[in-house]
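So the structure is just underneath, and the comments pick up after that.
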Amino acid sequence: MSRLPLIILAMLALPSAYAVELRPTYPAVNEATGAQDYIGCAAAANGDIATVWRSATTARIPYVKRVDASGAVIGATESMQLPQDTISVSAAKNGAFAVLHAKANGSNTDLYLSVYNRNGQLVSAPVRVNDTQHTGITGLVKVAQDGTIAVAWYTWGNLPARNGYLKRFNANGAPLNYQRQFGGDNVYVANGVDTDTNGDVIVAFTTNTGGRYDTMAVRYASAEDWVYPAARVNTYLGTRQWGSSLAMNAAGNYLVSWVTHGQDGNGFSTYAQLFARGGARIGQPTRVSTQISDDSASAALLFDNNSYAVAWMSYVAGQRTINFAQVDSAGAVVAAPTVATPHINYVGPFSLCGTTAGKFSIQWRPAAVSGSSWTADVLARDYMADTVVTPTLLASGVPASNLSDAAGGWKYFKVIVPANTGSMRIALSSRVTPASGNADLFLRYGGLPTLATTDGRTTEAGNNDSLTVSAPPPGTFYIGVYGQAAYAAADLTVILR
């Protein structure tokens, strides 16, 4: 038996076609009347999903609704009130979350960071993010895999105008560095931010140089406390390359998606570019949309095997829809784009959020005219990417029986651990004596394990192995059964106590 602490992270590759719909369109929030002003969604690696919105019926007070991997509401109330003027939310791997919100300060506006644990309790007093003051400021927050937090923001309204800045914080919200400027004096908007396993921060942003908009990426090296020169992501030099998004996987590879005008005809199309950790391009830009349209923005999610999904909003022949496409790890679009929404008269912001293991949700705010006013609900639709391995869900005490595989083969399973679970035991047992072959167990919280990335594993000969985790955190654990040699007649059981 092996008894282990918890660490984390991964990479794989595989099948291709259409994403599997896990849940058809449903209301993401339960607001009785009126419209919701949608802010966005955030996904934790453990499977938690947070939906953030402002209610038109309560003086535009922001709220968050959080559900776990099985769809159960987290916290004492279904709708938890957030600080006024919340503009961005991000979830940590264990379901804790960070909130970025604005606050007026005389004629200026400041950004504040508030950090909450999974129970919705404030970890520490809100901390001011920006070191210098500006009349106009907004930004976004992202919790990294190691729990540290990065904030990127841009300013306007006083000189120097349109500046971009970034700053890191620890898991409790304490600053790790002073603000650092990026992108010179022509940062039009900051679009995405994340932190890799080296602690380096990547920011995707849009510049406006003489009326030409470009999608850019910049790297801040934490160990050196140095911002490297920004690099242009788009290779086509048209006048409008904007609406970008940033996604990162466990290996620190990152993806930038953006919308381009004129590259494929008289209209907009959506592209994506994959980068290795450190900034080297992996392949060339991939066009993910198939029609020329009035695309306005993109959203991206990068999986651990370097396949990815990109979503965008389009307006073609009077039909406004939100679409997404899957791209495999070789950079090939695997099927025609999927239409996630029906025809919509009007749509506000939309989001793509999910885990690097392949499960994702598309959320949007449609609207319909009712008399002279708009009414809207935040809706969602859930999918599982089929460019990644789909693990088998296990229930406590119900075995996966008579497993067999070749040497080097993987079989993947997952278990959803409820809050306040005292222990989790994962056991592989042989049906025959002596055991037929040799299989080992691998375990990872929030992502598929590999030989290189695991929170715990067994090394015993044969097929009688076990792992035990005391007081496991709530959420999704992934189990890999790996054939050190060809094996047969093995049962896998998970016991939660």
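Worth a mention:
- Translational diffusion coefficient (Stokes-Einstein; Kirkwood radius from C-alpha pairs) of region 159-257 at 4 °C, 1.567 mPa s, in µm²/s: 93 µm²/s
- Label-point separation in nm, ASN208 to ARG497, each point 7 Å along Cα→Cβ: 6.3 nm
- Translational D in µm²/s for the chain (Stokes-Einstein at 25 °C, 0.890 mPa s, Kirkwood Rh from C-alpha pairs): 105 µm²/s
- Dipole-positive endmost among GLY267, GLY283, GLN319 within region 220-370 (Cβ charges, Cα centre): GLN319
- Taking Cα centre as origin and charging only the Cβ of basic (Lys, Arg, +1) and acidic (Asp, Glu, -1) residues, the dipole magnitude of the chain rounds to 340 debye.
- Among the listed pairs LYS167/LYS359; LYS103/LYS167; LYS93/LYS359, a Cα-Cα separation exceeding 20 Å is found for LYS167/LYS359.
- For the pair LEU176 and ALA332, the difference between a 0.36 nm per residue extended length and the Cα-Cα distance amounts to 52.2 nm.
- A probe of 1.4 angstrom, applied to the heavy atoms of all protein chains, finds THR290 with accessible area near 90 square angstrom.
- Karplus-derived HN-Hα couplings along region 326-331 (A = 6.51, B = -1.76, C = 1.60, θ = phi - 60°), whole Hz, x at Gly and Pro: 9, 10, 7, 5, 8, x
- With contacts taken as Cα pairs under 8 Å and at least 6 residues apart, the chain reaches a relative contact order of 15 percent.
- Extension gain, ALA485-GLN84: 0.36 nm per intervening residue step, less the Cα-Cα distance, totals 138.6 nm.
- Two-site FRET efficiency, LEU237 against ASN464, from Cβ-Cβ distance with R₀ of 51 Å, rounded to 0.05: 0.25
- Each residue of region 124-138 is assigned a 3J(HN,Hα), and the resulting list reads 8, 4, x, 10, 6, 8, 6, 8, 10, 9, 9, 6, x, 7, 7 Hz, derived from the Karplus form 6.51 cos²θ - 1.76 cosθ + 1.60 (θ = phi - 60°), x at Gly and Pro.
- Each of ASN170, TRP156, TYR188 was placed along the dipole of region 70-207 (beta-carbon charges, centred on the mean Cα), and the one lying farthest toward the positive end is ASN170.
- Evaluated at q = 0.19, 0.21, 0.28 Å⁻¹, a Debye calculation over the C-alpha positions of region 203-249 (equal weights, vacuum) places log10 I(q)/I(0) at -0.64, -0.74, -1.03.
- Mean shadow area of region 60-137, taken as a quarter of the surface of its Cα convex hull (nm²): 5.9 nm²
- Distance in nm between pseudo-label sites at TYR26 and ILE282 (7 Å out along the Cβ direction from Cα): 3.2 nm
- Per residue accessible area of region 148-215, 1.4 Å probe, in Å²: 36 Å²
- Cα pair distances of region 93-234 binned at 5 Å [whole percent]: 2, 11, 20, 22, 20, 14, 8, 3, 1, 0
- Semi-axes of the equivalent ellipsoid for region 401-497, computed as √(5λ) from the eigenvalues of its C-alpha gyration tensor and ordered from largest down, come to 23, 14, 10 Å.
- Share of carbon and sulfur in the accessible area of region 75-193 stands at 50%, probe radius 1.4 Å.
- Selected from PHE303, ALA471, ILE426, residue furthest toward positive end of dipole (the chain; charges at beta carbon): ALA471
- 3J(HN,Hα) couplings calculated from phi for region 477-490 with the Karplus curve 6.51 cos²θ - 1.76 cosθ + 1.60 (θ = phi - 60°) are, in sequence order, 9, 10, 10, x, 9, 10, x, 5, 9, 4, 9, 7, 6, 10 Hz; Gly and Pro show x.
- Seen from every direction in turn and averaged, the convex hull around the alpha carbons of region 280-363 projects onto 5.8 nm².
- Segment VAL73-GLU224, extension gain: residue separation times 0.36 nm, minus the distance between their alpha carbons: 50.2 nm
- Once the 1.4 Å probe is applied to the protein heavy atoms, region 246-308 comes out at 29 Å² accessible per residue.
The values are calculated or read from the model by the stated rules, or taken from the named source; none is laboratory data. Since the structure is predicted, the reported quantities are computational estimates derived from the model, not experimental observations. Glycine gets a Cβ as well: all are built from the backbone with ideal geometry, and neighbour counts include every protein chain shown. These accessible areas exclude ligands, DNA and RNA; they are computed on the full protein's heavy atoms, side chains included. Shrake-Rupley method; radii C 1.70, N 1.55, O 1.52, S 1.80 Å.
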